[in-house]
Amino acid sequence: MTALLIPYEGSSPILRLVDVGKTYATGSVEVEALHGISMEVDRGEYVAIMGPSGSGKSTLMHILGCLDVPSTGSYDLAGEDVSRMSEDALAHVRNRQIGFVFQQFNLLPALSAWRNVELPLCYSGVGRSERKERAMQALERVGLGDRVDHRPGELSGGQQQRVAVARALVTDPALILADEPTGNLDSHSSADVLSLFAELHDQGRTIVLITHEREVAGSAQRVVGILDGQIETDRQLALAIPSSLASLR
Amino acid sequence: MTWGETFRTALEAIRSRRMRSSLTMLGILIGIAAVMLTVGLGQGAQTQVRDQINQLGSNLLIVSPGSTTTTSGIRGGRGSASTLTTRDATALASPVVAPDIARVAPVVTGSQSLTAGTTNWTTNVVGTTPDWLPVRARTLTQGRFFSTAELNDAAAVTVLGSTTASELFGGRDALGQSVNINGTTFSVIGLLNTAGSSTTTDDDDQALVPQTTYSSRIASSGNAAGISTLYLQASSTEALSAAYQEANKALLGTHGVTATAADFTVSSQQSLLTTATATDKTLTVLLAGIAAISLLVGGIGVMNIMLVSVTERIREIGLRKALGATPRVVRRQFLVEASTLGLAGGVLGIALGMIGAQVLPRFIDQPVTIPPVVGIGALGIALIIGIVAGVYPASRAARLAPIDALRSE
């Protein structure tokens, strides 16, 4: 299980953005969603990217998650430049290096919990028995070892998000990317999921969490504030959230 | 992702939308069943006609006296004074004159009264040679056919058709019994197998005697050498047209006439068959065309449902892509799903077609024959329809950008 705990070894940062910009063309109007973003995330860091809606944080998340490519600048993920990769190559990077956790959970309703968790492994060509074994381990890890055969509809919101976290963990990725993971949860379940992230962080996982909530960002080690497509603040957190960040909301 | 997993995913997707999947399959199912039944009906009708004509014998040519011409009606003394004689039969049997004719069975017939004990039965008495049995493709249930020796000796022996035998002897064993024909006592040496259903004449009601015996004991004295019909068997199917030419030429020679003044007619089974099946074929093609259109509509149904499915499952596609599915894998998943729908519809359609082939003949007086190749072909067509219907929706799914797909609510 040590390999699960320390996913990536190397001296370079796991994530490096250099002067990344993203421009969308909606009809004849060009919208500049990101402008001159440069940042690094080291192995084992727990970073929250925070900003109000329209700040460009979703665009940044898509680029970080290799769901989209930047218009300008470069993006290195786990030592590979992914900013000019083909669609197929990006699919492989997403499969191997990134574990996604979405606001909507995005579990397939027809499949049981463990079948949902094994899904990324299907796309990386892992054999059937190994897939099941690893899915079971991941579910055990998020505390759902007794719910492996339940379908998403039979689980609470918090439990569904735990299944999604297990799915993100199962491929042993370099980066866990969580997009508003508590956005659809009540406060109790939110705290539950955030404490799970804290545990994963303690075990050496690299986590990037995107949120607009100050309380959620507060659970991270470092908070990057985004406003109008640019990095506004970048602070290491001690215990409390600096008051200057509160103004971003 | 392996093919096995892709197939499993497709099955799960089909199962989770049971109602819609079954309705989609229904289109293909009805189309395939309709195609199979129309082809089966056409085949059945053709087989029926062919069987009836083949019942006469295989590779058969029939020489009848008289000639039908466009200008002067029937030439020659058909019926009353036959233009065919035993001399013609001998000539055609010669391997030098007609090398492609394997067997010749001259037939002379007349209606006679048969008496067995106190029972009377009037039927067709046929004078012929031992070759009659193979030429007419008949078999015996009991006893034997008369031999060449019996033919040469003009022996008083007879072979009875099944109807004749049962009319004369009832349930009793006819073999070895005596029958009186025209004052002569014949002993029954064999019984013919039934010829099956025939439309025009009753092939099961006749009494066969050696041709020599017929001319010496039964025929009226003035027409001892006369022959009603000559049945010729070509040595093979390929030799049929050569045999036809040889028979024509030889008979013109023995009769000493030119082709325009011919007093006989040679006809083949093929010419009978062609006329009989031509209309059936046209009808089959027409019906199969209509059935093919219904199959096409079924295929469009599959495409329609797959397109709806892609739109509906846009989030699922986005998620799969986010988790590492390449466009190729997504395309394959939807293609396999569409072709599975097509194939399943095809299998069920074939099952329905088979049931229809059993049930339909009970309501309409028409046999339905479905050759195995039609079943296999139908399965292939169903699969191809599924694939073709899946190509466009699958490529749309593959082209979806993962962010757009994930974003949609």
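Read-outs throughout are calculated quantities, based only on the coordinates presented, and are distinct from any laboratory measurement. Note that the structure is predicted; figures quoted are calculated from it, not measured. Cβ coordinates were reconstructed from backbone atoms using ideal geometry, including for glycine residues, and neighbour counts include every protein chain displayed.
Can you give the calculated 222 nm mean residue ellipticity of chain B, where each DSSP H run of n ≥ 4 adds -39,500 (n - 2.57) and the sum is split over every residue, rounded to the nearest 500 deg cm²/dmol?
Numbers: 12 runs with 217 residues, N = 409.
When only DSSP H runs of four or more count, the value is -18000 deg cm²/dmol.
Could you tell me the relative contact order of chain B? Use alpha-carbon pairs under 8 Å, at least six residues apart, and round to a whole percent.
Across chain B, relative contact order equals 29 percent.
Other chains' Cβ within 10 Å of B:323-332 residues: what's the mean? It would help to have the intermediate numbers written out before the result.
Working: counts 17, 16, 7, 10, 3, 3, 4, 1, 0, 0.
What the average comes to for B:323-332 is 6.
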Angle in degrees between helix B:269-312 and the longest Cα principal axis of chain B, rounded to the nearest 10: 10
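For the range A:133-240, report the % of Cα-Cα distances exceeding 25 Å. Provide the component values of the computation, followed by the final result.
Details: 1364 of 5778 pairs.
Of all Cα-Cα distances in the range A:133-240, 24 percent exceed 25 Å.
Nearest 500 deg cm²/dmol is fine: what mean residue ellipticity at 222 nm does chain A get from its DSSP H runs of n ≥ 4 alone, each adding -39,500 (n - 2.57), divided by its residue count?
Numbers: 9 runs with 85 residues, N = 249.
It comes out at -10000 deg cm²/dmol, rounded to the nearest 500.
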Toward the positive end of the charge dipole of the range A:11-237, about the Cα centre and with charges on Cβ (Lys, Arg +1; Asp, Glu -1), which of A:V31, A:L139, A:N106 goes farthest? A:L139
To the nearest 10 degrees, how steep is helix A:128-141 against the longest Cα principal axis of chain A, on a 0 to 90 scale? 70
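Which FRET efficiency, nearest 0.05, do A:R151 and A:H92 yield, Cβ-Cβ r, R0 30 Å?
My answer for the efficiency is 0.55.
Sort B:123-130, A:93-100, A:29-36 for me by packing, meaning the mean count of neighbouring Cβ atoms within 10 Å per residue, highest on top.
Numbers: B:123-130: 22.5, A:93-100: 24.0, A:29-36: 15.2.
Result, highest mean first: A:93-100, B:123-130, A:29-36.
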HN-Hα J in Hz across the range B:4-10 - Karplus 6.51, -1.76, 1.60, θ = phi - 60°, x for Gly and Pro: x, 5, 4, 5, 5, 4, 4
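Starting with the fewest neighbours, write out B:L168, B:L175 ranked by other beta-carbon atoms found within 10 Å of each beta-carbon. It would help to have the intermediate numbers written out before the result.
On the way: B:L168 22, B:L175 17.
Neighbour counts put them in this order, fewest first: B:L175, B:L168.
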For the range A:11-237, what ratio Rg/Rh do Cα atoms give with a Kirkwood hydrodynamic radius? 0.97
Charge sum, other residues only, whose C-beta stays under 13 Å from A:M39's C-beta, Lys/Arg counted +1 and Asp/Glu -1: -3
Along the dipole axis of the protein assembly as shown (charges at Cβ: +1 for Lys and Arg, -1 for Asp and Glu; origin at the Cα centre), the most positive-end residue among B:L323, B:L26, B:Q46 is B:Q46
If you average the C-alpha positions of the range A:173-211 and of the range B:261-318 separately, how far apart do those two centres end up, in angstrom? 61
State the extension gain, in nm to one decimal, for the chain segment bounded by B:T139 and B:K249, taking 0.36 nm per residue of separation less the distance between their alpha-carbons. 36.4 nm
Hits among aspartates and glutamates - C-alpha to C-alpha of A:K132 under 13 Å, sequence gap 8 or more where chains match: A:E118, A:E140, A:D149
Counting Lys and Arg as +1 and Asp and Glu as -1, what is the net charge of the other residues whose Cβ lies under 14 Å from the Cβ of B:T237? -1
Testing the spin-label approximation: label points 7 Å from Cα along Cα→Cβ at B:A259 and B:D153. State their distance in nm. 4.7
In square nanometres, what is one fourth of the surface area of the convex hull spanned by the alpha carbons of the protein assembly as shown? 46.9
Give, rounded to the nearest 20 debye, the magnitude of the charge dipole that chain B has about its Cα centre when Lys and Arg contribute +1 at Cβ and Asp and Glu contribute -1 at Cβ. 2100
In degrees between 0 and 90, to the nearest 10, how far off the longest principal axis of chain B does helix B:240-255 point, with axes built from Cα atoms? 20
For chain A, give the magnitude of the charge dipole about the Cα centre (Cβ charges: +1 Lys/Arg, -1 Asp/Glu; no others), in debye to the nearest 20. 460
How long are the semi-axes of the equivalent ellipsoid of the range B:84-262, taking √(5λ) for every eigenvalue λ of the Cα gyration tensor, in whole Å from largest down? 31, 18, 14
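So, with +1 on the Cβ of K and R and -1 on the Cβ of D and E, and no other charges, what is the size of the charge dipole of the protein assembly as shown about its Cα centre, to the nearest 20 debye? Present the calculation step by step, with values, prior to reporting the outcome.
On the way: 50 positive and 56 negative charges, 181 e Å.
The calculation lands at about 880 debye.
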Quick one: go through the range B:129-162 and flag any residue whose amide nitrogen is under 12 Å from the point 7 Å out along the Cα-to-Cβ line of B:T194. B:162
Going toward the positive end of the dipole of the protein assembly as shown, with +1 on Lys and Arg Cβ and -1 on Asp and Glu Cβ, which of B:L360, A:H62, B:A276 do you reach last? B:A276
Counting Lys and Arg as +1 and Asp and Glu as -1 over every other residue whose Cβ sits under 12 Å from the Cβ of A:H201, the net charge comes to 0
When Cβ neighbours within 10 Å are restricted to other protein chains, what is their mean count per residue of peptide A:117-130? 3
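Can you tell me what percent of all Cα-Cα pairs in chain B are more than 28 Å apart?
Working: 52936 of 83436 pairs.
It works out to 63 percent of all Cα pairs.
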